[in-house]
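A.B. asks: Can you read through this structure? Questions will come right after.
The values are calculated or read from the model by the stated rules, or taken from the named source; none is laboratory data. Keep in mind the model is a prediction, meaning the values are calculated, not measured. We place every Cβ from the backbone using ideal geometry, glycine too, and count neighbours over all the protein chains shown. Heads up: the accessible areas ignore ligands, DNA and RNA and are worked out on the full protein's heavy atoms, side chains in. Shrake-Rupley method; radii C 1.70, N 1.55, O 1.52, S 1.80 Å.
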Amino acid sequence: MNTLLNFSLVVLLSLILSWKSKAQENLYFDETSTQINKAEFTKKCNSSYIYKCISYPTDTLVINKVFFKYKFGKISPEKFQQIRKLLIKDGKYKIEKNQIIIIKKFDSLYNYEREIEYHKIHEKNYKKYKAINDSLGYEKYHIHQHDFNKKIFQKSLNSWIREKQKCIAKFEKKFHTKVIYLHEDDIEQEENYNNFSWVKDRGIIKRIFFSDNNVHDLLILKPNGEYLLSGGHFIDRYLKKILQNQDWSQFKEDWIKSLEADNPHGKGIFKERRSIYHKKHCF
């Protein structure tokens, strides 16, 4: 009886989820938040490397929105100093008044329990793809399953910390900058990162710079208030150019040219790297 009841509940739940999925309506918006249709949205997303298209699903709607992958802006020098003092207080840093601030943002921090859940999903997908490939006889396409435990997790995390510490040292030594790693997670999660400094955002920096969810994760902020946000792979060579030049006029011109139909793959520091190899980058 219990088995039959459980089966009925599973079927009912599946029907409800299926109905909700079919009932979801898709809405599309361009980079100015003007509503457009699906064809216009697809065309816009494919027209320039500088666009970033994101879908936000809800219970009844899927909001599809076009953003700029890279974005220039400016705050007042006074607001810059307020942010600098906030970071000094929260992160116990020494930041000079005329230093450029680089902020790398993370929504959440790594911890073992979360990685276990991700690994379970990976294993589930592995078994699914393995079964498909076995049935098709594609042995050479098997996905290799990896063991995972706390020792492996900690080793991977320590490697990440060493790599980022080298990046921080390199940019702070060569350029007049302060590199900050910012997060929005529970502050207790910082304990997983031995000898690594984090700043927990109070919500102020997100509200000013990162209000668009999942769009940007890197901020270059100058003392005069000029800033650049990046939501894509920003290779070290391009970042060095930004830091070496006080005048960003040429970069802003490259950004505008990257939106033109003649430059679908971007211009200057916003040029897409069309390579099969992943270019290593610090941030």
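A.B. asks: Quick one: which residues, 5 or more positions from Cys53 or on another chain, have an amide H under 5 Å from its amide H? H modelled 1.01 Å from N in the peptide plane, none for Pro or chain starts.
C.D. replies: So Cys53 has HN proximity to Phe67.
A.B. asks: If I ignore ligands, DNA and RNA and count only protein heavy atoms, how much of Ser197 is accessible to a 1.4 Å probe, in Å² to the nearest 10?
C.D. replies: So the heavy atoms of Ser197 present about 70 Å² to solvent.
A.B. asks: Filter the GluC sites (Glu not before Pro) in the range 183-228 to those in DSSP coil with at most 16 other Cβ atoms within 10 Å of their Cβ, and list the result.
C.D. replies: Sparse-neighbourhood loop GluC sites (Glu not before Pro): Glu184.
A.B. asks: Starting from the Cα gyration tensor of the range 183-276, take the square roots of the eigenvalues, sort them a ≥ b ≥ c, and report rounded, prolate or oblate (rounded when a/c is under 1.5, otherwise prolate if a/b is larger than b/c, else oblate).
C.D. replies: prolate
A.B. asks: Can you put Glu172, Glu40 in order of accessible area, largest first, using a 1.4 Å probe?
C.D. replies: If we order Glu172, Glu40 from most to least accessible, we get Glu40, Glu172.
A.B. asks: Additional query: Only sites in a loop by DSSP and with at most 13 other Cβ atoms within 10 Å count here; which trypsin sites (Lys or Arg not before Pro) in the range 149-240 make the cut?
C.D. replies: Listed in order of number, the matching sites are Arg202.
A.B. asks: Could the peptides 212-218, 261-267 be put in order, highest first, of the mean number of other beta-carbon atoms found within 10 Å of their residues?
C.D. replies: Top to bottom by mean Cβ count within 10 Å: 212-218, 261-267.
A.B. asks: Here's something else I'd like to know. What are the ³J(HN,Hα) values, in whole Hz, obtained from phi via the Karplus relation 6.51 cos²θ - 1.76 cosθ + 1.60 with θ = phi - 60°, for each residue of the range 41-47 in sequence order, with x given for Gly and Pro?
C.D. replies: Result, ordered by residue: 5, 4, 5, 4, 4, 8, 8 Hz.
A.B. asks: Say R0 is 45 Å: what FRET efficiency, to the nearest 0.05, do Ile152 and Lys97 get from their beta-carbon distance?
C.D. replies: Approximately 0.55, to the nearest 0.05.
A.B. asks: Probe 1.4 Å, all protein chains in place: accessible area of Lys74 in Å², nearest 10?
C.D. replies: Near enough 130 Å² of accessible area.
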